[in-house]
């Protein structure tokens, strides 16, 4: 009822200003953002309203289809360009005593991303994304090569099917569908395979979801004997409950327990920041993530967020002592990884003057996570690290952001020189200028 009322109001206001019905979907964005900042709409309701207005635009104007297929209901194009100044410090661990070498590096980097999402009739859809690097966990390129040109790589290509409000399916290479922080899933990674989501609506706004992911990590030659001849699959399942509370039901709490496990196979060809190519044994992860959001905590449009994530590897002993071949007499398997953070925001990051601040502490045990999916920036993707991450963002305009991110890590178990965990301490500072279109 509220969406209909607001939608009608937007149409009337846009009609006064623009004298055309088609412009409502095209120019109502700032109005919707204003309603969110005033606390009249939640972020979720705003997104649903944008979709409704766009559908009306497509249905009622021939220009909305851009003269494409008659099956097309919506075609959304977007992307971003990011220029980054990066300062990094890595101190390799030594077998005995303190670290004696500190490697420092300053880099000027950039990233370009271009993506499209298509909504077709009868619930079908498709999409793609391209970016300027081939590694799964980064689209960055470092300026160099005496002005050489740079290539584009396909980061997403998928087909989706949403038969109702309750079910959603996708196949191909798609956005990461699980609720998670970068403790377990780097935000740049787009998994490949299949995903399914079931959503059940409770009361006015609450939801309960079951999410599943079948992620093919490596294709093997079945003629090879044993695990080397089996495809490497990661199977992940998760339950996500979202509960709204407070005035106008704008505040929320999310809890998301999950479990993921690999088939016994061999991964080849990984090129992440800190990749592991070898056996997929010893990864059976219990995960638990969530957040509590307090809306309008310091006035209209402000938000305080408490968030967390964790991973406990039930087979850490196998992973550390049999796959990594580290002796149990010297090294603990350390099956736990955890993150606890706090954030504050004004606005939702789409309007000039919006800003956000976040600070979290995390620890990553030697046998706790999969380096092929975890964040590649914190400790440069290394295991056996603990420390802090700070992130700030400010909207210079509606489409231009200034971001700063800082990481500081130290090792958990001292003098560990194994390739995946051979870092004594590190620092990373990233200063970004981002244009979204």
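Each value in this text was obtained by applying a stated rule to the coordinates, not by laboratory testing. Bear in mind that the values here come from a model prediction, so they are computed numbers and not experimental data. No Cβ is skipped: glycine too gets one built from the backbone with ideal geometry, and neighbour counts run over all protein chains shown.
Here is the P(r) of region 171-217: all C-alpha pair distances, binned every 10 Å from 0, give 25, 45, 25, 6 in whole percents. Per-peptide packing, taken as the mean over residues of other Cβ atoms within 10 Å, places 199-207, 374-382 in the sequence 374-382, 199-207 from highest down. In the chain, the calculated helix contribution to ellipticity at 222 nm averages -3500 deg cm²/dmol per residue, counting -39,500 (n - 2.57) for every DSSP H run with n ≥ 4. Treat region 223-375 as a sphere of radius equal to its Kirkwood radius over Cα pairs and apply Stokes-Einstein at 4 °C in a medium of 1.567 mPa s; give the translational diffusion coefficient in µm²/s, rounded to a whole number. D, rounded to a whole number, is 72 µm²/s. Pair-distance distribution P(r) for region 106-252, from all Cα-Cα distances in 10 Å bins starting at 0: 10, 28, 31, 22, 8, 2, 0 percent. Taking every alpha-carbon pair under 8 Å whose residues sit at least 6 apart, region 346-388 reaches a relative contact order of 38 percent.
The spacing between region 289-329 and region 137-176, judged by their C-alpha centroids, is 25 Å. Note the angle between two axes, namely the Cα long axis of helix 2-18 and the longest principal axis of the Cα atoms of the chain, as a number of degrees from 0 to 90, rounded to the nearest 10. Around 70 degrees separate the two axes. Temperature 25 °C, viscosity 0.890 mPa s: under these conditions the Stokes-Einstein estimate for region 289-437, based on its Kirkwood radius over C-alpha pairs, is 144 µm² per second. Given their separation in residues at 0.36 nm each and the Cα-Cα distance between them, residue 302 and residue 223 gain 22.6 nm when the chain is fully extended. What is the mean projected area of the alpha carbon convex hull for the chain, to one decimal in square nanometres? Taking the Cα atoms of the chain, their convex hull projects to 23.8 nm² on average. For the peptides 179-186, 254-261, residues were scored by their other Cβ atoms within 10 Å and the scores averaged per peptide; the highest-first order is 179-186, 254-261. Using the Cα coordinates of region 79-141, the gyration tensor eigenvalues translate into equivalent-ellipsoid semi-axes of 41, 16, 7 Å, sorted from longest to shortest.
Taken along the Cα-to-beta-carbon direction at a fixed 7 Å, the label points for residue 171 and residue 68 span 2.2 nm. Taking the number of Cβ atoms within 10 Å of each Cβ as an exposure proxy, the fewest-first ranking of 348, 267 is 348, 267.
Relative to the longest principal axis of the Cα atoms of the chain, the long axis of helix 43-60 makes an angle of roughly 50 degrees. Each principal axis of the Cα cloud of region 358-430 was taken in turn, and the coordinate range along them, longest first, works out to 46, 21, 17 Å.
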